[in-house]
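Engineer: Take a look at the following structure, please.
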Amino acid sequence: MSIDINSTQNITQGKIQGPNLLASINAFNRLANDPLQLFYNLHAQYGDIVCLNLGFQKVFVINNPLYIKYALQENIKNYKKLQRLEMQTKLLFGEGWTNKINRQIIRPFFEPQHYATMDTAIADATQKMLARWQTFADNHQSFDVAEEMMRLSLSFTAQTLIGNDFHTGLDDVALAMQVIINHFNATAVSNFNVPESFPTPANRKYMAAVQTLQTAIDKIIEERQDHGTDKEDLLSVLQSWRDETGTGLSPKLLRERLLWILLPAFEPIGRALSWVWHLLSLNPNVERQMQAELVRVLGDRQPTFDDLPKLNYTKMIVQETLRMYPPFWVIGREALEDDEVGGVHIPAKSMLLFNIYGVQHNPQYWDNPEGFDPERFMPERARNRVGAAFIPFSIGPRACLGYNLSIMQIQLVVALVAQAYRLELVPGHPVEPAAMVSLLPRHGIRMTLSQRI
Ligand code: HEM
């Protein structure tokens, strides 16, 4: 749906550009409908910093990568994560999930030695999925690859973080995750949310999903406490953490910290993987080049993490997918004190929305931004690009801790699946990005398989 903001009266207060009060409120209320188009229109009409004046609060949409870098890196002390998100996730992640102490606790897990055995877990989960796909291939049956990628990502993310993919409970947990993600999507853009303690049908469904997830995680924590492990996963890092008084995390805190990583880790990986298959099916030349690389580097052998540095083209496909469909298409912050960004005064308590999708599709920074061109990530072509124009993992001290790991995981899964099957989009199936909390395919991605010989 296209959003017409041309009919509104522009205001220019000093250097602040944006629609007037009524049009701003109107635009903000319509954020839920088609935010990508709304942000595009706002940028085209008002430029790099757009101010939506909501009366009680100013919302700044930031479209310039250097301004984003300034707020997220150079003056990060002045910008905290949005209260609204903290409230939304409190039940699952508990208090203080933005606390930088969490980062210190989990950082050891992101040392490369912890990745050593992950490739086996990822390959096993992928091979299990591919074995299930045999029925789709035999019957020329179409299926939703987006759903499959979310399930796969949940399975190997859980395996690598907590050493266990919920065994027979995987389907129940996947369903619970879906309900929780839908709930976050619905409440993130709604102006009024019934408190979660009110037993509306939607809330009851959400609470039941939270219960399923918490019970599943608690069971894994208990098992680990009873039997121990030699695994060096996130759960053991968290279990062995002690503060200066020698106190470890309580079971509740342990569960909250695990969920704080599990959910934001598995969801974007699943989304990114879904978009890869869509883009490859639309770009057979790219797909052919990737196949040539897989055959040249691997022959018939299954890839491991050690092979990834040689699968350069496959890596560029992952990067280009993250450029075109950044799973977290917008990042939000609140200003603690007055500041100036790009010459514009930002009053304390303003909300800042960093338009990651917009920056990654801006022709000022990218040639032919709507074209799928993995080779734009070749070092010689990337050299002159503004660094912060590619920020799917954010930037600065609060950037994604799983940056390198994510690229490796996606690269490995793409190679494994592409060795077994070619995926083709079902003709006529509408594939359309929906910018919710993450960027997801609104109608799924229905595909069919043909087996590689
Ligand atoms: C394609 C996959 C992924 C993408 C695109 C992604 C993107 C992001 C982004 C944009 C943020 C910053 C959000 C903000 O500042 O508001 C973030 C934070 C974070 N990510 Fe990722 N992420 C991915 C996968 C992962 C994985 C696999 C892990 C862990 C195993 C992970 C762990 C984290 C953590 C712990 C933070 C919070 C850092 C903090 O608040 O200090 N992410 N991620």
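Where a number appears in this text, it was derived from the coordinates with a stated rule and is not lab data. Quantities reported herein were computed from a predicted structural model and do not represent experimental measurements. Here Cβ is always computed from backbone atoms with ideal geometry, including for glycine, and neighbour counts include all displayed protein chains.
Engineer: Do you know which residues across the range 207-230 are surrounded by fewer than 17 Cβ atoms within 10 Å (Cβ to Cβ) and not β-branched (Val, Ile, Thr)?
Structural biologist: MET207, ALA208, GLN211, ASP218, LYS219, GLU222, GLU223, GLN225, ASP226, HIS227, GLY228, ASP230 - these are the residues of the range 207-230 that are surrounded by fewer than 17 Cβ atoms within 10 Å (Cβ to Cβ) and not β-branched (Val, Ile, Thr).
Engineer: In addition: Identify, please: which residue in the range 107-117 is part of a helix (DSSP H, G or I) and surrounded by fewer than 19 Cβ atoms within 10 Å (Cβ to Cβ) and is, among those, nearest to the ligand (Cβ to nearest atom)?
Structural biologist: The qualifying residue nearest to the ligand (Cβ to nearest atom) is PHE110.
Engineer: Can you pull out every residue in the range 188-232 that is under 30 Å from THR117 (Cβ atoms) and part of a loop (DSSP other than H, G, I, E, B)?
Structural biologist: If the condition is that a residue be under 30 Å from THR117 (Cβ atoms) and part of a loop (DSSP other than H, G, I, E, B), then GLY228, THR229, ASP230, LYS231, GLU232 are the ones that fit.
This table checks each residue for (1) away from the ligand (no atom under 16 Å from the Cβ); (2) under 23 Å from the mean Cα position of the chain (by Cα); (3) touching a residue at least 60 places away in the same chain (Cβ under 8 Å).
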site	(1), (2), (3)
HIS345	yes, no, yes
LYS349	yes, no, yes
TYR357	no, yes, yes
ASN368	yes, no, no
PHE377	no, yes, yes
ARG383	yes, no, no
PHE390	no, yes, yes
LEU401	no, yes, yes
MET408	no, yes, yes
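Engineer: Out of the residues in the range 118-161 meeting the condition of being polar (S, T, N, Q) and away from the ligand (no atom under 15 Å from the Cβ), tell me which one is surrounded by the most Cβ atoms within 10 Å (Cβ to Cβ).
Structural biologist: THR126
Engineer: Please name all residue pairs, on different chains or six or more residues apart, with Cβ atoms under 7 Å, provided the first residue is in the range 282-311 and is β-branched (Val, Ile, Thr) and the second residue is surrounded by 12 or more Cβ atoms within 10 Å (Cβ to Cβ).
Structural biologist: Note: pairs meeting the criteria are VAL286/LEU280; VAL286/ILE317; VAL286/PHE372; VAL286/PRO374; VAL297/ASP307; VAL297/LYS310; VAL297/LEU311; THR304/ASP119.
Engineer: Against the condition assigned to a loop (DSSP other than H, G, I, E, B), crowded, with 18+ Cβ neighbours inside 10 Å and more than 13 Å from the ligand (Cβ to nearest atom), how does VAL431 come out, does it pass?
Structural biologist: So VAL431 fits the description; yes.
Engineer: So, one more: May I ask you to verify whether LEU412 is more than 16 Å from the ligand (Cβ to nearest atom) and outside any loop (DSSP other than H, G, I, E, B)?
Structural biologist: Criteria not met by LEU412.
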